[in-house]
1. Using the structure shown, select from A:K252/B:K70; A:K191/B:K292; A:K90/B:K315; A:K119/B:K306; A:K191/B:K305; A:K209/B:K14 the pairs with a Cα to Cα distance greater than 28 angstrom.
2. Going by how many other Cβ atoms sit within 10 Å of their own, how do B:W203, B:W20, A:W123 line up, fewest first?
3. Restricting attention to chain A, give the cysteines that have no other cysteine Cβ less than 4.7 angstrom from their Cβ.
4. Please work out the FRET efficiency for the pair A:E169 and B:I59, using the Cβ-Cβ distance as r and a Förster radius of 30 Å; give the result to the nearest 0.05.
5. State the volume of the convex hull built on the alpha-carbon positions of the protein assembly as shown, expressed per residue in Å³ and rounded to an integer.
6. For segment B:1-97, state which GluC sites (Glu not before Pro) are in a DSSP loop and have at most 10 other beta carbons lying within 10 Å of their beta carbon.
7. Which peptide among B:132-138, B:58-64 comes first, and what is the full order, when sorted by highest mean count of other Cβ atoms within 10 Å?
8. If you stretched the chain out fully between A:D144 and A:M1, how much longer would it get, using 0.36 nm times the residue separation minus the C-alpha to C-alpha distance?
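Every read-out reported here was derived from the displayed coordinates using simple, explicitly stated rules and does not represent laboratory data. Fair warning: this is a prediction, and the values are worked out from it, not measured in the lab. Cβ placement follows ideal geometry from the backbone for every residue including glycine, while neighbour counts extend to all protein chains displayed.
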Amino acid sequence: MKYAFYPGCVARGGTPELLSSSMAVLKELDIEIEELTKAGCTGAGVLQEKNPLLGDTINVRTLAMAEEKNLNIMTLCSTCQGVLSQANHKVKNDPEYLAKINDLIKEEGYEYKGTTDVKHLLWILVEDYGLDNLKSHFVKELSDLKFAPFYGCYMVRPSEALGFDERPERQNYLEQVIESVGATAIDFPGKFSCCGFPVLFINQKNSLKMVSNQTGSAKDLGADAMVTPCPLCHLNLDGYQGKARSNNRGDKADLPIIHMPQMIALAMGIETKDIGLGRHIVNTKEILNKV
Amino acid sequence: MKVSIDVKRFDPEKLNENNWVQNYKMDIHPSSTVLDALIHIREEIDGTLGLRCACRASICGSCGMRVDGKAKLVCKTRIEELVDEGETLLVEPMGNQPVIKDLIVDISAFFAKMTQVSPFLQPDELPEQGEFIASNESMEKLLTEMNCIMCGLCVSDCTILEVDNTFIGPAALAKASRFVYDPRDDQTEERLNFLNDEQGGIWDCTRCMQCVEVCPKGVSPMDRIMDLRETAIEIGAKKTHGYDHTNSFEKSVTAHGRLDESRLAFESAGIFNIPRLLDLIPVGLRALIKGKLPPIFPHKAEDNKKIKELAKKIKEME
């Protein structure tokens, strides 16, 4: 089992604990990866506001790199997953546009034929690796923990580009993985909602209200932590929770935001320094006490 | 087919417990829509249930509701596609709008926002004789926007309207784009400057794509908002944090092939905006202590010059 690895900027930047915990999990599962070191940033939908063609070209170039290696892409980030999927969907359905982009990247020797699949680690674990196989690597049951799932917008919308028509069950994978570690996935109505990260630097007041609503309501429903496959959601929900909660609810940050691979690593009994729970802004000790 | 439907009820005339969930059970043909079931309830089981509907053919836009948490036109939504025999479906009124009774919401704010964007053509002068002629090609570009039936589903599930009712919102912004891109309109710049406003304008959209997902007519409001952002930048309407954000993003990706998160935070705050920069310090310090501050010297993609060359090539093409 081997993938072209696209860790994304944030796993290499603001959330190093996502990268280290993912690496530890992949090693334990014996999933091979080959990093696409020449690949550029997906643009996260932000670059696309100003220069959509540049965004799509960089992404098709990434898809072509993986195709050349005859591998599908593994992502660790909902946003990378979504934006790469959107570009892939767009060119697969518009041969003229694909030809235009291929013309731009041919100088570097790339030509995308449209055969690469882009899969977040969450999808890979459920669809390719299988939850039963995954469970065989667990040494701890996290049965004392209740997690609120939080997917991140780009993992669930637009559903057409994400292949939900063929695989509607993708809307439920995070709960399945949470349950596979023996924890309880709480029925969290905000699971497909927005964390507010995209407007953090544009309209912080709105962004903080969103952080407060999501984390506050998950806490009210009895969650010990929130689990997300998206490092951008993590950055906002973890990093700004204190300010968001005191401004909007008059209480304190009390909901740890766990990266999905960290939760899996806990069940695998991987050493806590590799999991990086100490790097979170919201204290995660309560979680470790319940493991 | 045996189905069970939970309906969120609200009766403003009841003094106590005016908000409740009521369950209805029925045997209904498998091809029935959610609207068929609701009408069945109102006519056969409980005449007090309030709902709004008209055409039953997904063209009038009256029957927007939330079904299992997602805004839908209930006349277009088949029960068998959502639940199996014996399962329960939850029907609630649309979100982000005050409820009048049961499943009926007050849509006056929706239309007030439509009015806000001057949804009519404003040409500088009238043609000397006859009608305005617009080319087929120019109108084809507007087909998505023109499909809007003003059902309000996008407004119901907009994640920004949930926290800020000053946001013009997806429906009215999509409507605005329909006039910005109409060749017969001469108020393009004025419209864009108005929509570019920092409070409630195009940059307040969080790009969550809820509106794209729930729109029953393929209007894709968020994509229309993205078009407006691109055009606002083109006409030089740049004095927004939103512009600073996307501009910084482009510079960083072009320079390094990757995102420079620290630079993005500083440049989006505005490098001369002292209060906003000071605001970054506590978060930055906490991140630093926890060892998760983005690298000061950005990580670069290998061979990142190639991305710079691509950007240059694309610029030349324009």
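1. Working: A:K252/B:K70 31 Å; A:K191/B:K292 25 Å; A:K90/B:K315 21 Å; A:K119/B:K306 25 Å; A:K191/B:K305 39 Å; A:K209/B:K14 32 Å.
The pairs that break the limit, which is 28 Å between Cα atoms, are A:K252/B:K70; A:K191/B:K305; A:K209/B:K14.
2. On the way: B:W203 25, B:W20 11, A:W123 22.
The fewest-first ordering by Cβ neighbours comes to B:W20, A:W123, B:W203.
3. Among the cysteines of chain A, those whose Cβ sits 4.7 Å or more from every other are A:C9, A:C41.
4. Numbers: r = 32 Å, r/R0 = 1.08.
With a Förster radius of 30 Å, E is 0.40.
5. On the way: hull volume 105.6 nm³, N = 609.
Per-residue hull volume (Cα only) is 173 Å³.
6. Numbers: sites: B:E13, B:E17, B:E43, B:E44, B:E80, B:E81, B:E85, B:E87; in loops: B:E13, B:E17, B:E85, B:E87.
Here the GluC sites (Glu not before Pro) that fit, given the DSSP loop and packing criteria, are B:E13, B:E17, B:E85.
7. Details: B:132-138: 9.4, B:58-64: 20.1.
Descending packing order for the listed peptides: B:58-64, B:132-138.
8. Details: separation 143, 0.36 × 143 = 51.48 nm, distance 3.26 nm.
Value of the extension gain: 48.2 nm.
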